[in-house]
1. What pairs come up if the first residue lies in the range 179-196 and is within 14 Å of Q377 (Cβ to Cβ), the second is among the acidic types (D, E), and their beta carbons are under 9 Å apart, counting only those six or more places apart or on different chains?
2. So which helices (runs of 4 or more DSSP H) are wholly in the range 533-638 and hold at least 3 residues that are buried (at least 20 other Cβ atoms within 10 Å of the Cβ) and at negative phi?
3. Can you name the condition, by its number, that R324 falls short on among (1) open to solvent by 40 Å² or more (accessible area, probe 1.4 Å); (2) under 30 Å from V455 (Cβ atoms); (3) touching an Asp or Glu at 6+ places or on another chain (Cβ under 8 Å)?
4. I'd like to verify a number: residues in the range 390-421 that are open to solvent by 10 Å² or more (accessible area, probe 1.4 Å) and over 16 Å from the mean Cα position of the chain (by Cα), how many?
5. Restrict the check to the range 435-448 and report whether at least one residue is open to solvent by 10 Å² or more (accessible area, probe 1.4 Å), more than 19 Å from R165 (Cβ to Cβ), at pLDDT below 95 and assigned to a helix (DSSP H, G or I).
6. Answer yes or no as to whether L216 is in a helix (DSSP H, G or I), aliphatic (A, V, I, L, M), closer than 19 Å to L185 by Cβ and open to solvent by less than 20 Å² (accessible area, probe 1.4 Å).
7. Restricted to the range 54-111, and to residues that are touching a Pro at 6+ places or on another chain (Cβ under 6 Å) and among the polar types (S, T, N, Q), which residue is surrounded by the fewest Cβ atoms within 10 Å (Cβ to Cβ)?
8. If T463 meets every condition in (1) touching a Gly at 6+ places or on another chain (Cβ under 6 Å); (2) closer than 24 Å to G41 by Cα apart from one, which number is that one?
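The values are calculated or read from the model by the stated rules, or taken from the named source; none is laboratory data. None of the values given here were measured: they were computed from a predicted structure. Please note: Cβ atoms are built from the backbone with ideal geometry, for glycine as well, and neighbour counts cover all protein chains shown. Only protein heavy atoms, including side chains, enter the accessible area calculation; ligands, DNA and RNA are left aside. Shrake-Rupley method; radii C 1.70, N 1.55, O 1.52, S 1.80 Å.
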Amino acid sequence: MLARRLHIRSRAWPLRHFCRASSGLPQPRYDVIVVGGGHAGTEAAAAAARVGAETLLITQKIHTIGALSCNPSLGGVGKGQLVREVDALDGLMGRAGDWAGVHFSMLNRSKGPAVWGPRAQLDRPRYREFIQSELLSMPRLTVVEGSVEQLLVSEPDADRPGTHRVTGVRMAGTSSNVHCSCVVLTTGTFLSGRLFMGQTTSPGGRMGDPPSGDGLSHTLRTVLGLSVGRLRTGTPPRIVKETVDLTLATVQEPDRQPTPFSYMNTETQCPSEEQLPCYLTYTTPGVERVVRESLHLNCHIQEDTKGPRYCPSIESRVLRFPGRRHQVWLEPEGLTSDLLYPQGLSMTMPPDLQLRLLREIPALERVDISTPGYGVQYDFVCPTQLSPSLQVKRAQGLFLAGQINGTTGYEEAAAQGLWAGVNAGRAALSLPPLSLSRTESYIGVLIDDLVSRGVTEPYRMFTSRAEFRTSLRPDNADLRLTPKGFEEAGCVSAKRYSEVRRVGLGLDAGLEALQSISMSAPRWRDALNTTCISETKSTLLSAEDVLQYKYITFKMLATAFPEVFSPHLEFAQRLKIEVLYRSHCEKQRREMERIQEEESLRLPPDLDYLSLNASLSQEVREILHRVRPDTLGAATRLPGMTPAAIVHLLYYVTKAPHRGSNPPRTSMESKQSQSQENTGNIHHKDSDTKLYSSNI
């Protein structure tokens with residue numbers, strides 16, 4: 001059905017654009033204007049429209065909306081959690097990934113479910129078509145081609161913070177101004193972008209597309225007085241599939257049971273038997289030799305502009321880790337594409353040397369290049385100048401999202417775009433801004449890291465950045481965020497909200513069922529026909545206790561007690577994960593409540609934070625040493641402080657002896673003595689119990 005709809009709409013797009021271009025914009029004023037049609041821009045425009053704001057999306061080319069500019073993949077460890085959260089807030093990315101995916105896999109399966117990473121290889125045209133189909137049929141959203149020359153700026157409203165007010169945009173090549181209440185800039189790599197290949201440089205934000213106008217950068221720097229920096233990234237060459245000897249590479253098959261990104265989908269569009277494999281090969285000493293011999297011909301790598309540490313070019317890898325063998329993943333670009341994407345081989349040397357380098361790699365000895373790799377350098381705005389709503393602090397009505405904030409990756413851009421769009425739409429409708437806490441979402445972690453710490457290199461999401469990742473799992477983003485998206489933000493549909501309520505009630509019923517049966521260990525061993533439960537257990541075990549064992553599945557319980565558990569098989573995996581982490585998540589919740597109660601706790605003035613015997617990072621120690629907050633509440637509000645650091649600081653102050661004196665008394669002293677056992681570390685079951693959580 002969607003394919004048919006896409007076909008019909010694609011024929012209508014040229015006429016729709018022609019009508020707009022010939023008669024000017026349909027209206028001279030909008031609630032929200034979004035500049036840029038990449039992953040941040042599409043999510044921002046869609047979110048603002050869902051909130052109820054009349055929205056205009058301005059993009060250089062309509063047919064490149066939703067384009068996968070670099071790698072043809074989505075998700076991964078940390079990034080997959082962001083995709084799930086974007087979907088939970090009714091964003092586009094997850095559903096687009098399910099429609100366009102041609103290879104689905106769950107990364108990190110050997111570790112606990114909290115750090116699993118849903119990932120998919122994508123069909124480029126199908127992904128782009130899905131995004132365009134959604135946007136071009138969305139109520140309250142207008143899409144036009146064009147470039148923005150500069151922002152319209154006026155005096156600020158006296159009753160709001162800020163030194164300027166952004167009131168609209170001026171289109172390039174015309175004298176027309178378009179007015180609005182809020183602007184969302186999602187310029188990606190196009191803000192003063194330059195392309196690098198060998199010793200050749202040219203203006204541009206992506207091969208074949210020009211950069212944004214100089215007037216926009218001038219407005220940000222000079223008119224608004226924002227601090228602007230410079231970052232770089234790059235992309236690999238695209239290689240011709242038929243010139244690759246895939247028999248010399250290791251095959252990586254997709255999962256037999258694909259896991260969709262979207263909570264609204266139970267299966268992916270591409271059946272598992274039709275999905276494509278990926279292939280793994282490695283660099284050789286010849287690759288390092290080509291890199292070193294071509295350094296004098298490589299302008300991009302000679303620049304001191306910061307590039308992505310966790311997705312570096314092959315030149316950077318060779319220089320940083322000489323003598324090592326590096327992985328190269330050969331990834332499909334689509335079901336019918338004749339190209340492969342060599343993940344791990346971003347490079348900016350001259351094209352002839354790129355071909356020479358590629359042919360030093362097993363499976364690529366006779367490879368041909370379709371499009372050479374290149375580097376991009378672009379301006380970004382230091383994100384500490386933003387509020388948690390992603391609004392520029394000194395510019396009323398201006399929001400920033402995506403790589404303009406110093407991040408890298410489709411998923412990070414989409415997450416920011418969605419939240420900036422929500423808040424821009426709310427601001428335009430005179431509603432208060434909303435923020436996401438790092439205790440409730442990876443999006444909150446991302447935004448808090450950006451606005452409180454800033455960036456010195458392109459920011460990428462990892463599960464290790466989230467202190468409460470056992471609570472912020474990829475399986476429960478809908479329960480965490482969809483109610484807030486519907487009840488507070490207004491960006492979630494009633495259909496999705498109704499579905500998540502159904503799921504929540506189903507999980508509650510399943511947990512009640514698990515708590516309704518208790519038996520001795522021998523009886524459980526007999527009922528489940530398993531030996532993984534220790535016979536020495538002297539206490540009764542509930543079904544919830546038993547399900548925490550690694551090799552016990554909910555389906556086994558349903559087979560043994562069909563009348564009790566069969567009605568809940570729909571939620572089998574989610575119930576398994578829920579019981580694994582339930583006690584630990586409850587402990588984390590109590591820790592956060594305790595911090596809130598103890599905000600007035602005074603910190604000893606003579607604490608030596610630099611040598612404190614507490615689990616604090618060096619960055620946190622330096623912040624505390626420099627500021628020396630008087631109370632725990634003051635410490636929680638310091639830029640760069642994390643909830644985990646506050647927990648460790650609270651524990652140290654209330655438990656550790658201080659120069660022979662008693663530690664500060666707290667309002668929780670009596671409660672601590674009563675609940676000592678409940679607030680301690682997680683107590684695992686017998687040594688024969690293999691818990692997923694032990695791997696976190």
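1. Taking only residues 6 or more apart or on different chains, the pairs are T187/D379; F190/D209; L191/D379; S192/D214; S192/D379; G193/D209; G193/D379; F196/E303.
2. Those helices (runs of 4 or more DSSP H) span 543-547, 572-597, 618-627.
3. Just one mismatch for R324, condition (3).
4. So the answer is 3.
5. Yes; the residues of the range 435-448 include at least one that is open to solvent by 10 Å² or more (accessible area, probe 1.4 Å), more than 19 Å from R165 (Cβ to Cβ), at pLDDT below 95 and assigned to a helix (DSSP H, G or I).
6. Here the answer is yes, as L216 does meet what is asked.
7. S105
8. Of (1) touching a Gly at 6+ places or on another chain (Cβ under 6 Å); (2) closer than 24 Å to G41 by Cα, only one is false for T463: (2).
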